[in-house]
1. Kindly rank 148-155, 23-30, 62-69 from highest to lowest mean number of other beta carbons found within 10 Å of each residue.
2. When the chain is fully extended, how far beyond the present Cα-Cα distance does residue 230 get from residue 208, taking 0.36 nm per residue of separation?
3. Just report the Cα centroid separation between the stretch 1-63 and the stretch 147-212, whole Å.
4. Over 20 Å between Cα atoms: which of 49/133; 57/120; 57/173; 76/124; 90/173 fall into that group?
5. Does the stretch 2-121 come out rounded, prolate or oblate, given a ≥ b ≥ c as the square roots of the eigenvalues of its C-alpha gyration tensor, rounded meaning a/c under 1.5 and, failing that, prolate meaning a/b above b/c?
6. Rounded to the nearest 20 Debye, what is the dipole magnitude of the chain about its Cα centre when Lys and Arg each give +1 and Asp and Glu each give -1 at the C-beta?
7. How big is the chain on each of its three principal axes, counting only the C-alpha atoms and giving the largest first in Å?
8. Among 101, 17, 215, flag the residue with its Cα farthest along the positive direction of the charge dipole of the stretch 14-229, charges on Cβ as +1 for Lys/Arg and -1 for Asp/Glu.
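Since every read-out is calculated from the coordinates, none of them should be taken as a lab result. In this text, all values refer to a predicted model and were calculated from it rather than measured experimentally. Reconstructed Cβ throughout: ideal geometry from the backbone, glycine too, with neighbour counts over all protein chains shown.
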Amino acid sequence: MSEVYSLLPPAVVGLQITDSVKLFPVRRIFCIGRNYSDHVREMGGNSNKDFPIIFTKPADAVVADGSKVEYPLSCKSLHHEVELVVAIDKPLRQDDEDAAAKAVFGLAVGVDLTRRDLQKEAKKSGLPWDCAKAFDQSAPISAIKPVRVLPAVLQGEISLSVNTQVRQRGDLKQMIWSVPQILSHLSNYFELLPGDLVFTGTPAGVGVLVSGDCVFASIAGVGSLQFQIA
Ligand code: MN
């Protein structure tokens with residue numbers, strides 16, 4: 001029993017790092033929406049150049065590669081969104097894109113699990129997205145691949161299959177806002193800190209997941225992620 005806390009404090013969430021025995025300690029998860037124009041169109045929006053929506057998930061929503069994900073409570077339409085995830089190891093506060101690029105520790109493959117039915121209701125009523133996005137086990141993420149220097153333009157296939165059928169296939173070069181632009185923008189609203197993760201939006205092809213589905217997501221040069229909906 002702890003001598004300091006009245007309860008056992010929650011454990012730090014650790015993500016595997018490719019080719020390392022050390023874990024990356026997750027602090028917070030920021031997400032942006034609407035960063036690939038073909039996905040903006042499929043959701044019925046228009047891809048103007050306004051900065052994408054910002055939302056968050058709790059750190060303990062992380063699910064490690066190879067896990068089972070419980071079908072979420074009170075959900076009638078669970079959707080997959082495969083995304084590039086950026087892991088940060090330096091603080092950023094109102095910083096420019098150069099500083100932002102240097103704060104990137106590594107990249108990973110993530111799936112922004114979404115209760116689409118609740119998101120539709122929230123959008124209609126102008127309500128927050130927490131119930132749609134920030135639920136338990138809503139953030140499966142692969143091992144983090146460290147990057148020494150972030151390339152000026154990221155490219156590589158980003159894809160997601162369900163039961164071996166390809167549902168989403170795009171390329172990182174289709175991102176409307178680059179990783180440094182996203183981090184710099186976020187740093188105008190939040191002081192980003194070591195351990196923070198950022199989901200960077202999904203390409204077209206989002207769709208429904210049901211119990212028993214096996215999901216495989218990958219990004220060329222970054223890694224891959226598998227999980228099953230229980
Ligand atoms: Mn998303």
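1. Going from most to least packed, we get 23-30, 62-69, 148-155.
2. Answer, rounded to one decimal: 6.5 nm.
3. Taking the Cα centre of each part, the stretch 1-63 and the stretch 147-212 sit 11 Å apart.
4. Numbers: 49/133 23 Å; 57/120 18 Å; 57/173 25 Å; 76/124 17 Å; 90/173 25 Å.
Violating the 20 Å limit, Cα to Cα: 49/133; 57/173; 90/173.
5. It comes out oblate by the Cα gyration axes.
6. Details: 23 positive and 25 negative charges, 69 e Å.
The dipole magnitude comes to about 320 debye.
7. Extents along the principal axes, in whole Å: 46, 44, 38.
8. 215
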